[in-house]
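The next block holds one structure in the form of structure tokens; read it before the comments.
The values are calculated or read from the model by the stated rules, or taken from the named source; none is laboratory data. Since the structure is predicted, the reported quantities are computational estimates derived from the model, not experimental observations. Here the Cβ positions follow ideal geometry from the backbone for every residue, glycine too, while neighbour counts run over all protein chains shown.
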Amino acid sequence: MSIAENIKTVKKQIAQAAQRNGRKAEDITLIAVTKTHPAAVVDEAIRCGITDIGENRIQEAVEKYENVKKQAVWHLVGHLQRNKVKTALRIFDIIHSIDSLRLAVEINKRAAGTVDVFVEVNIGEEKSKSGIMPGETLSFLKELRVFPNLRCRGLMTIPPMIDDAEKLRHYFRDVAEIQAGANRMNIFDYPLTDLSMGMTDDYQIAIEEGATMVRIGRALFGERRNINQ
């Protein structure tokens, strides 16, 4: 299938999942993750109606960003090292992976204005993954209040790798409940409005549990390319 056909299929499934959650398709932002795919693929996706592009790696994003001809909102959905913050702020409109206070300090220091961010929650409490532990998330959010250049949109998560996507449902539900708790506490002087969760294998379940942004690559573009070839 073509990129256009894949986008149409995914958007239809997003709309159906949103309806099951009592929402509309337009309540969900589809972030097309173009990791390992060239700038031409990004332009083709935008031409086919994609408005939001996601990238995992700074170096790849820099090269690609400079060659993409069409306009889009750029999301950093991968891990961000503090020494790459200056470069990231030049490219990305939204950063999905705030996972430490030191990173928040660096972004706040480097930002020329307000930066939209998500706090990454390590909902499976996996040692191999970055992110704030679930039990520490509310206190971490409170610490972010001192940074005037950060605007927290909400929480992001990547659940454990499990073959049965249905078994991931409770992880998404738990993140949504943490965010609801933060809003009940009025941690910020504005509500956390977005939940960034769900990828190719589980985005429909994530939407059913409250996701407002899904990060999808393979379902749109096929398997990742070997960029070392």
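Taking the criterion of being in contact (Cβ under 8 Å) with a residue 24 or more places away in the chain and of a type in the set (Asp, Glu), the residues of region 23-51 that qualify are Asp27, Asp43, Glu44. So which residues in region 126-175 are loosely packed, with under 14 Cβ neighbours inside 10 Å, of a type in the set (A, V, I, L, M, F, W, C) and either touching a residue at least 40 places away in the same chain (Cβ under 8 Å) or closer than 18 Å to Asp201 by Cβ (or both)? If the condition is that a residue be loosely packed, with under 14 Cβ neighbours inside 10 Å, of a type in the set (A, V, I, L, M, F, W, C) and either touching a residue at least 40 places away in the same chain (Cβ under 8 Å) or closer than 18 Å to Asp201 by Cβ (or both), then Met161, Ile162 are the ones that fit.
Close contacts from region 96-112, counting a first residue that is closer than 26 Å to Val214 by Cα and a second that is surrounded by 16 or more Cβ atoms within 10 Å (Cβ to Cβ) and of a type in the set (Phe, Trp, Tyr), with Cβ to Cβ under 8 Å and a gap of 6+ residues or different chains, come to His96/Phe118; Ser97/Phe118; Ile98/Phe118; Leu101/Phe140; Ala104/Phe147; Ile107/Phe147; Asn108/Phe147. From the list Glu55, Glu106, the one residue that fits, being more than 21 Å from Ile3 (Cβ to Cβ), modelled with pLDDT of 95 or more and acidic (Asp, Glu), is Glu106. Residues in region 67-81 that are loosely packed, with under 14 Cβ neighbours inside 10 Å and either without any contact (Cβ under 8 Å) to a residue 24 or more places away in the chain or in a helix (DSSP H, G or I) (or both): Gln81 only. Checked against (1) surrounded by 20 or more Cβ atoms within 10 Å (Cβ to Cβ); (2) more than 17 Å from the chain's Cα centre (by Cα); (3) of a type in the set (A, V, I, L, M, F, W, C), Ile28 meets all criteria but (2). Listed conditions (1) more than 18 Å from Leu195 (Cβ to Cβ); (2) among the charged types (D, E, K, R); (3) not in a helix (DSSP H, G or I) are all met by Arg151, apart from (1). Of the numbered criteria (1) loosely packed, with under 14 Cβ neighbours inside 10 Å; (2) touching a residue at least 40 places away in the same chain (Cβ under 8 Å); (3) closer than 21 Å to Gly78 by Cβ, the one Asp194 fails is (1).
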